[in-house]
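To start, the structure under review is shown below, and the notes come after it.
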Amino acid sequence: MTGARKSSPRFRREGEPPRIELTEDDVAIFQYVYRHRFIRAEDLHRLLNSRSPDRLSRRLTLLYRAGFLDRPIAQVDRFKQGGSQSFVYGLDTKGARYLKEAHGAAIGAADWRSRNRSYTRANLDHTLAVTRFMVDLEIACRSQPNLSLIHFEDILAASPETTRRSRNPMCWPVPVQWHGGRAIVHVAPDAIFGLRVVREDGSKARSYFFVEVDRGTMTIVPSERVRESDAFPHRATILRKLLAYADSFRLKLHEQRFGIKAPRVLFVTKSEGRADAMRLAAAEFVIQPMRIPEHLFEFAVLDTPNAFPFDALKMLFSGVAGPPD
């Protein structure tokens, strides 16, 4: 049979890489992929909707074959299940090098493809959940003329030099006190962003958020026996996260780290029941006994894909009362 078109392997490059001339849209793609670590093609289309989905898909495939983008291998089993799937992309080493050399991005000279392959399916799914939240938020902000999103790279650029030079600026140690003991717990938000608002009187304000995306797999409050044990600070639970953020707030570590005086911690989960359980845990174990301001913690329920609920945006918007720009 002649004239049949041979399809390329989904997760393996064959032959010589194509030579392509990069465009401004390609650079925007690289920047979005770098910002989110991994991102679905469908979310890139939502961010760059001047291109049709088919046209963008062909361009992403070309950038993958040319070695600028990578398709993490952890997504392979999604395609084995059949049905229509959106490819997940990460930066490949060539794309990272281009951003660093041509656009001055603060990207290390790591083997990005090897890093991508080290991701497990669980790691990838969590990263994609965070990406979906941040993409939904960005698109929601675009619809509000008096509201703009402050990305983490802008927050980092205004942070103290020690933070900018840190290998992992989104992670910092917190001495947590619990039942007379003390342990070092590392706070590592899933995302950090800010909101800038123009009020009706023309004045401007901004507020900052540390985000924890909860996929419903982590224990909220462990048993009393676990809570009173020496092992508690070393077990991953929602309560431990709440305590670590509270002590970071109490010791003003976030201010030392980023210059942020009044952050809020946003827990994003999938059900009202789980959000209520988190609220109760925060009130009983953190806010009341530690005398922490109640507004430090916010809990949002996001169960609708591809649409940041207006109520959640309104909740964040209403709390923007930070220092004037």
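The values are calculated or read from the model by the stated rules, or taken from the named source; none is laboratory data. Since the model is a prediction, treat every value here as computed from it, not as a measurement. With ideal geometry, Cβ positions are generated from the backbone for all residues, glycine too; neighbour counts draw on all protein chains shown.
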Among the residues listed as Ile73, Ile150, Ile155, the single one being of a type in the set (A, V, I, L, M) and over 20 Å from the mean Cα position of the chain (by Cα): Ile73
Test: residue in the range 270-282 that is modelled with pLDDT under 90 and within 16 Å of Asp190 (Cβ to Cβ): yes
Subset of the range 17-49 [under 29 Å from Asp190 (Cα atoms) and of a type in the set (S, T, N, Q)]: Gln31, Asn49
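The rows are residues; the columns are (1) assigned to a loop (DSSP other than H, G, I, E, B); (2) over 22 Å from the mean Cα position of the chain (by Cα); (3) loosely packed, with under 12 Cβ neighbours inside 10 Å; (4) aromatic (Phe, Trp, Tyr).
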| site | (1), (2), (3), (4) |
| --- | --- |
| Arg59 | no, yes, no, no |
| Arg78 | no, no, no, no |
| Gly90 | no, no, no, no |
| Ala96 | no, no, no, no |
| Ala102 | no, yes, yes, no |
| Asn116 | no, no, no, no |
| Asp125 | no, no, no, no |
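Give the range 27-59 a look and list any residue that's touching a residue at least 40 places away in the same chain (Cβ under 8 Å) and either assigned by TED's automatic domain parsing to the domain that holds Met134 or aliphatic (A, V, I, L, M) (or both), or say none. Give the derivation first.
Filtering the range 27-59 down to residues touching a residue at least 40 places away in the same chain (Cβ under 8 Å) leaves 27, 29-31, 33-44, 46-47.
Val27, Ile29, Val33, Ile39, Ala41, Leu44, Leu47 - these are the residues of the range 27-59 that are touching a residue at least 40 places away in the same chain (Cβ under 8 Å) and either assigned by TED's automatic domain parsing to the domain that holds Met134 or aliphatic (A, V, I, L, M) (or both).
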Selected residue [surrounded by fewer than 16 Cβ atoms within 10 Å (Cβ to Cβ), out of contact with any Phe, Trp or Tyr (no Cβ under 7 Å at 6 or more places or on another chain) and either touching a residue at least 24 places away in the same chain (Cβ under 8 Å) or closer than 16 Å to Ile29 by Cα (or both)] from Thr120, Thr162: Thr120
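So, restricting to helices (runs of 4 or more DSSP H) that lie completely within the range 151-257, which ones have at least 2 residues that are small (Gly, Ala, Ser) and at negative phi?
Numbers: elements: 152-157, 161-164, 224-227, 238-250.
Helices (runs of 4 or more DSSP H) meeting the threshold: 238-250.
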Any hit, the range 233-249, residues being in contact (Cβ under 8 Å) with a residue 12 or more places away in the chain, surrounded by fewer than 21 Cβ atoms within 10 Å (Cβ to Cβ), farther than 25 Å from His179 by Cβ and not β-branched (Val, Ile, Thr): no
Test set (1) of a type in the set (Val, Ile, Thr); (2) under 26 Å from the mean Cα position of the chain (by Cα); (3) more than 24 Å from Ala140 (Cβ to Cβ) - Val198 fails condition number: (3)
Number of the exception - Ala140 against (1) surrounded by fewer than 19 Cβ atoms within 10 Å (Cβ to Cβ); (2) within 20 Å of Ser207 (Cα to Cα): (1)
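Anything in the range 9-27 that is within 15 Å of Leu44 (Cβ to Cβ) and either outside any loop (DSSP other than H, G, I, E, B) or among the charged types (D, E, K, R) (or both)? List them, or say none. Steps first, please.
Within the range 9-27, the subset within 15 Å of Leu44 (Cβ to Cβ) is 23-27.
Result: Glu24, Asp25, Asp26, Val27.
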